[in-house]
1. So ARG370 fits all but one of (1) surrounded by fewer than 19 Cβ atoms within 10 Å (Cβ to Cβ); (2) at positive phi; what number is the exception?
2. Hey, any hits in region 263-276 for a residue that's within 26 Å of ALA58 (Cβ to Cβ) and within 16 Å of the ligand (Cβ to nearest atom)?
3. What single numbered condition from (1) on the phi > 0 side of the Ramachandran plot; (2) of a type in the set (A, V, I, L, M, F, W, C); (3) outside any loop (DSSP other than H, G, I, E, B) fails to hold for ALA379?
4. Counting only residues that are within 12 Å of SER308 (Cα to Cα), charged (D, E, K, R) and modelled with pLDDT under 95, how many does region 8-24 have?
5. Please indicate, with yes or no, whether at least one residue in region 348-362 is in a loop (DSSP other than H, G, I, E, B), at pLDDT 95 or above, more than 16 Å from the ligand (Cβ to nearest atom) and surrounded by fewer than 19 Cβ atoms within 10 Å (Cβ to Cβ).
6. I'm checking my understanding of the structure. Among residues of region 11-38 that are closer than 20 Å to GLU143 by Cβ and within 12 Å of the ligand (Cβ to nearest atom), which one is surrounded by the fewest Cβ atoms within 10 Å (Cβ to Cβ)?
7. Would you mind finding the one in LYS450, LYS446 that is outside the structural domain of LEU233 (by TED's automatic domain parsing) and either closer than 26 Å to GLU292 by Cβ or modelled with pLDDT of 95 or more (or both)?
8. Given (1) more than 16 Å from the ligand (Cβ to nearest atom); (2) buried (at least 16 other Cβ atoms within 10 Å of the Cβ); (3) at pLDDT below 95, identify the lone condition not met by THR208.
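The values are calculated or read from the model by the stated rules, or taken from the named source; none is laboratory data. Remember, predicted model here, so these are calculated numbers, not experimental data. Positions of Cβ are backbone-derived with ideal geometry, glycine not excepted, and every protein chain shown enters the neighbour counts.
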Amino acid sequence: MVVISSPEAVEECFTKNNDIVFANRDETIAGKLLFYDNGIIGLSSYGDNWRNLRRIAAIEMLNQNRLAMFTSIRQEEISLMNREIYEEWVESDVKKPVKVNLRSKLSDLTLNIMMRMIAGKRYYGKNVAQKEEAKQFQQVLKEMVSFRGDLNLEDYFPIFRFTDFRGLKKKMVIVMTKVDRLLQNIVDEHRKRKIESNTTQKKTFIDTLLSAQDTEPEFLTDRTIKALTLSLLGAGTETTSTTLEWAISLLLNHPEAMKKAITEIQKVVGEDRLLEETDLPKLNYLDNVVSETLRLYPVQPLLLPHRSSEDCEISGYHIPKDTVLVANMWKIQRDPELWDEPEKFKPERFDGGAGGEGFSFKMLPFGVGRRACPGTNLARRVIGLTLGSLIQSFEFEKLVAEEPVNMTESSGFTLSKETPLEAFFFSQTETNKQTAEPSSPLLTPKGKTKNMAEEAAMDHHQTTSQEATVETPVKSEVTSAEETDVVSSEDKKTAGTGNVSFSIWPPTQRTRDAIIARLVQTLSSTSVLSKRYGVVPQGHAEAEAKRIEDEAFTAANPATTSADDDGIEILQTYSKEISRRMIDFVKSRSGSAAPAAADAAPASNEETGPAAGVKEEGKEDEGPAQE
Ligand code: HEM
């Protein structure tokens, strides 16, 4: 094994021809038995299989366009986590901030984000639809993670290859059988839905892979799809949540930095809305905080082990084939020769960006070269957005005011905090807390609340062109109605068995006005709808928007629909009625025959499905979400 710990050596190993020489991975027993015979991206040997896996992951999931399509998932999940924290605080002792275990919250968050992007499923937190399946997933994941600390003697002493020391191999095979079954079920479920719905609509990562299966059947087998899923789940969740845990710990220990981050967010985003991903490029200090966290606490401090595929020379030394190469980035990123006050948390050192010339080969938390992390953009989006949203929505404090958060590092290949981070959270003053609304679904800065339709109306301002075809003013916030308990309006409280339940119908006048305003905007300014059917003059759009909303409100009222407990069905009807009327109006106005049905499909978040619009109403409006 060769360990390198200088930027010069890193450059020598991971550029030019040496980058190819060291592009192999070290094969392990765990990789063989738990990860499809080292068939996931991070463990696969350099060659066609690895190249294809990376290509597909990049094209179908990790490039900037695909990431932009999944923005709403990340924002929703972060909002849901914030809401959960908020509710815990509201439900706890009114006079105190609430103690929150951030490790588990952040871990749940990153798993939910990844699983929703991959398979449209959320398995953690309060709003879980498929509870039994979620339980199985959580259990299997726990079992997989439990192998992590195990040292496999077979990996180090070939003599043990043919034995099963401590029965570890057998246990791994059993766990892998469960993992495989679970993933196969998910793939089958997607395939079934694809056949039944007879649509080419591409939604989740697995959906796109199944479609691609038709064109690349030899490579994109079910096993490859499962291996890709496992690649991203394994590499993209804990890395991100652990970095977040370090970042929050550092901010708690550096109140002046926390203050600067808050001030920047207030300046750039303001106090009336929640931070969004599109704000991130303007939040330089927040970005510096993330970079400085990754410098001090790179989750993969030694990158992943690389293995040479042929003899080569490094710094004048002969390195034989099959040598394992480890790059000690932790050492380089704290080297006093390279960094001013290296042990200090100084986000300012990254003013001007961490990608600048001055940092090349001395700041590489994501690695470099052909085996570098392909998830860098996704990780930075999730970390920036989560960190910023938490800071913006809550005040948080250390458990013991006089003592710094314990920053002891755990042992092992991954650099995590030895003790899970817990902190006190609150979002307003004590007096406000007593009047806080427990139903608050989505927090706006520092605990102000906002109801879903308002959020939806706002959300559509940020909808990317890839996400939507036609914008509609109301949309469901989470995947399915079963999951949706997040909406509030008049907050009609009905005392239950000690719990409080809320109805989302009817919406407040403010909400209805927001929806009308959104409708006017959709009709009278440039949108996919107006591009196709023409822009409606402002005055006309205002009158029609009012009519459409009013008629939809009447049509959706419980007198004409079956009342449900929480109003979700009514809200969905309301949403559909608005969308239907809007489409009818623009079509009748253009006076033309209905255009190609697919082009007229109303907005639908890639996951939320038809709740947002007319999709269910009539075939003529059905069509694939455009990519
Ligand atoms: C803070 C978050 C993250 C950090 C610090 C990180 C860091 C790294 C590092 C150091 C490597 C190894 C590079 C090498 O061996 O030279 C790696 C590999 C990898 N990462 Fe990340 N990563 C993060 C998040 C993600 C995310 C979100 C994803 C995708 C969803 C991802 C997917 C991968 C994959 C697939 C590999 C294997 C690449 C290969 O072997 O070709 N990572 N990551």
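1. (2)
2. No, because not a single residue in region 263-276 is within 26 Å of ALA58 (Cβ to Cβ) and within 16 Å of the ligand (Cβ to nearest atom).
3. (1)
4. First pass over region 8-24, keeping only residues within 12 Å of SER308 (Cα to Cα): 13-14, 17-24.
Applying the additional criterion that residues be charged (D, E, K, R) yields 19.
Retained after the next criterion (residues that are modelled with pLDDT under 95): none.
Within region 8-24, residues that are within 12 Å of SER308 (Cα to Cα), charged (D, E, K, R) and modelled with pLDDT under 95 number 0.
5. No, because not a single residue in region 348-362 is in a loop (DSSP other than H, G, I, E, B), at pLDDT 95 or above, more than 16 Å from the ligand (Cβ to nearest atom) and surrounded by fewer than 19 Cβ atoms within 10 Å (Cβ to Cβ).
6. For region 11-38, the residue satisfying everything is GLY31.
7. Exactly one residue qualifies, and that residue is LYS446.
8. Failing condition for THR208: (1).
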